[in-house]
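Inspection log for the structure reproduced underneath, given as structure tokens.
The values are calculated or read from the model by the stated rules, or taken from the named source; none is laboratory data. Computed from a predicted model, the values in this text were never measured in an experiment. Cβ sites come from the backbone with ideal geometry, for glycine too, and all protein chains shown count toward neighbours. Note: accessible area is taken over every heavy atom of the protein model, side chains too, but ligands, DNA and RNA are not part of it. Shrake-Rupley method; radii C 1.70, N 1.55, O 1.52, S 1.80 Å.
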Amino acid sequence: QVQLVESGGGLVQAGGSLRLSCAASGRTLSSYIMGWFRQAPGKEREFVACISWSGGSTYIADSAKGRFTISRDNTKNTVYLQMNSLKLEDTAVYYCAARRTDGIVTTPRGYDYWGQGTQVTVSS
């Protein structure tokens with residue numbers, strides 16, 4: 001029903017920036033709440049940010065607050081994660097996800113569709 005494809009990952013030095021994109025196909029994203037999660041080696045998948053269907057409300061994890069911002073462009077069926085002041089501990093595979101029911105949800109189980117992930121590696 002919905003396919004999500006992340007892009008924009010790569011290798012960046014600590015303190016640098018990256019912008020991740022999540023493009024949707026199959027259905028438009030206008031009816032979904034969108035989230036970003038990440039999974040570092042040996043760790044569980046953790047919540048990073050989410051955004052309401054209209055883009056009017058966002059919620060950022062404490063670990064990313066003040067550094068990361070989430071936005072969406074429903075006309076392009078795309079969600080973005082702008083990452084600034086990157087730290088070594090931000091290194092992970094980043095996944096975008098879509099939830100059919102609106103609301104602030106921070107658990108992976110609460111999302112219905114997932115992308116395949118994009119690798120972000122932060123070096124010293």
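Restricting to the stretch 1-24, and then to whatever is out of contact with any Gly (no Cβ under 8 Å at 6 or more places or on another chain) and polar (S, T, N, Q), can you tell me which residue is nearest to residue 116 (Cα to Cα)? Applying the filter and picking the extreme gives 7. For the stretch 82-124, a residue qualifies if it is more than 18 Å from residue 46 (Cβ to Cβ) and under 12 Å from the mean Cα position of the chain (by Cα), and exactly one does: 82. Only residues that are within 24 Å of residue 84 (Cβ to Cβ) and either aromatic (Phe, Trp, Tyr) or surrounded by 15 or more Cβ atoms within 10 Å (Cβ to Cβ) (or both) were counted in the stretch 107-120, giving 4. The C-beta contact set for the stretch 77-91 (first residue open to solvent by less than 40 Å² (accessible area, probe 1.4 Å), second residue aromatic (Phe, Trp, Tyr), distance under 9 angstrom, 6+ apart or interchain) comprises 79/36; 81/36; 81/68; 81/94; 83/68; 83/94; 90/68. The single residue among 16, 42 that is in contact with a strand residue (DSSP E or B) (Cβ under 8 Å, 6 or more places away or on another chain) and at pLDDT 90 or above turns out to be 16. The set of residues in the stretch 92-110 that are in a loop (DSSP other than H, G, I, E, B) and either modelled with pLDDT under 95 or touching a Cys at 6+ places or on another chain (Cβ under 8 Å) (or both) comprises 100, 101, 102, 103, 104, 105, 106. Could you list, in sequence order, all residues of the stretch 32-57 that are open to solvent by less than 80 Å² (accessible area, probe 1.4 Å), without any contact (Cβ under 8 Å) to a residue 60 or more places away in the chain and closer than 16 Å to residue 103 by Cα? Once the filter is applied, which keeps residues that are open to solvent by less than 80 Å² (accessible area, probe 1.4 Å), without any contact (Cβ under 8 Å) to a residue 60 or more places away in the chain and closer than 16 Å to residue 103 by Cα, the stretch 32-57 yields 48, 49, 50, 51, 52, 54, 55, 56, 57.
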